[in-house]
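In what follows, a structure is listed as structure tokens, so that the remarks can point back to it.
The values are calculated or read from the model by the stated rules, or taken from the named source; none is laboratory data. Since this is a predicted model, take the numbers as computed values, not measurements. Cβ: placed from backbone, ideal geometry, glycine included. Neighbour counts: every protein chain shown. Surface accessibility is based on the protein's heavy atoms, side chains included, excluding ligands, DNA and RNA. Shrake-Rupley method; radii C 1.70, N 1.55, O 1.52, S 1.80 Å.
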Amino acid sequence: ARLPDENIHPVATGRAAETVAQHQDPQDLVFWSGWFCPFNQRVWIALEERGIPYQYKEVNPYKKEPQFLMLNPKGLVPTVEYQDKALYESIVLCEFLEDAYPTYKPSLLPSDPYERARVRIWIDHVTKNMLQAWQRLLMAQDKAKADAARSDLYDAQRKFAAQVKGPYFVGEALSLADVMVAPWVAREYVLEQHRGYDRAAAGGEWKAYAERLSGRESVVKTTSEADKLQVIYDRYLVDEAQSEAARAIRSGHMMP
Ligand code: GSH
């Protein structure tokens, strides 16, 4: 392998493998997916929540195969091919699904313009604050760095939780704000086991919200076996991962 990152388990496992098996037939929408990727899981959750027909195709983005780079010049999952045209970036893709499949209910954006904008403001907070702190904590190699990242993460989570109307971000209905957060919530156990993270330290509101979100069926059915994921996280924990995200955080930049 060119990079050790290429040696990831090749396919989805557990509940996610069952979901993959149900989405093999050709469709207008091809979902180029990396089973392990949290950005990827956002799109997968949106597809499942809304019952949009899709064909699942597994891709290992670390191989940077020319055919995949033709679809996405960044060579990242998630990537989608819709009627033979390619699109990428998880947030853009989730918004695209809203636009391209308006009759598939439930919509994951509220109808009120103010509420739609509020969802987008807090998605921006997730991108710029929550996920950066999450990744810094994951990759932290000394106590001072871990403490700083953990405290930033709690702060970002507490601010987000204060905006959650309950049970979900906009109220009863799941929205894209929840979808953007869910894959990292479902991976918090990695930080718990290795980085002294404690959900309750982000507040009771965050803890209850995180438990609700990680138990959601669309999250569970797009999640692979923990031991397969652990192999990948082990490389981040010792700071040897060579993904775009790992290199960005290592050099003090935002994840791509
Ligand atoms: N901003 C992108 C999105 O939101 O879709 C990030 C996607 C991303 O970083 N995907 C990772 C990837 O494809 C896997 S989790 N990495 C390949 C690489 O870093 O070479």
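Filtering the stretch 89-106 for residues that are outside the structural domain of residue 68 (by TED's automatic domain parsing), under 20 Å from residue 185 (Cβ atoms), out of contact with any Asp or Glu (no Cβ under 7 Å at 6 or more places or on another chain) and within 13 Å of the ligand (Cβ to nearest atom) leaves an empty set.
Output the residue which, of all residues in the stretch 63-87 that are within 8 Å of the ligand (Cβ to nearest atom) and crowded, with 21+ Cβ neighbours inside 10 Å, is farthest from residue 235 (Cα to Cα). Before the answer, list the steps.
We begin by selecting, within the stretch 63-87, every residue within 8 Å of the ligand (Cβ to nearest atom); these are 64, 74-78.
From what's left, crowded, with 21+ Cβ neighbours inside 10 Å: 76-78.
Details: 76: 19, 77: 19, 78: 21 Å.
Only one residue fits best here, namely 78.
Evaluate the stretch 51-58: report whether one residue or more is open to solvent by 60 Å² or more (accessible area, probe 1.4 Å), away from the ligand (no atom under 16 Å from the Cβ) and closer than 30 Å to residue 7 by Cα.
In the first step, residues of the stretch 51-58 are kept if they are open to solvent by 60 Å² or more (accessible area, probe 1.4 Å); the result is 57.
Cutting the leftovers down to away from the ligand (no atom under 16 Å from the Cβ) gives us none.
Taking every residue of the stretch 51-58 in turn, none turns out to be open to solvent by 60 Å² or more (accessible area, probe 1.4 Å), away from the ligand (no atom under 16 Å from the Cβ) and closer than 30 Å to residue 7 by Cα.
Among the residues in the stretch 27-35, are any within 15 Å of the ligand (Cβ to nearest atom) and open to solvent by 30 Å² or more (accessible area, probe 1.4 Å)? Spell out the reasoning first.
So in the stretch 27-35, the residues within 15 Å of the ligand (Cβ to nearest atom) come out as 31-35.
From what's left, open to solvent by 30 Å² or more (accessible area, probe 1.4 Å): 32.
Within the stretch 27-35 (the criterion being within 15 Å of the ligand (Cβ to nearest atom) and open to solvent by 30 Å² or more (accessible area, probe 1.4 Å)), the answer is yes, since at least one residue qualifies.
Here is a check on your reading of the model: is residue 186 outside the structural domain of residue 21 (by TED's automatic domain parsing), aliphatic (A, V, I, L, M) and surrounded by fewer than 19 Cβ atoms within 10 Å (Cβ to Cβ)? So residue 186 fails the test. Does any residue of the stretch 240-255 turn out to be more than 25 Å from residue 13 (Cβ to Cβ) and more than 16 Å from the ligand (Cβ to nearest atom)? Yes, because at least one residue in the stretch 240-255 is more than 25 Å from residue 13 (Cβ to Cβ) and more than 16 Å from the ligand (Cβ to nearest atom).
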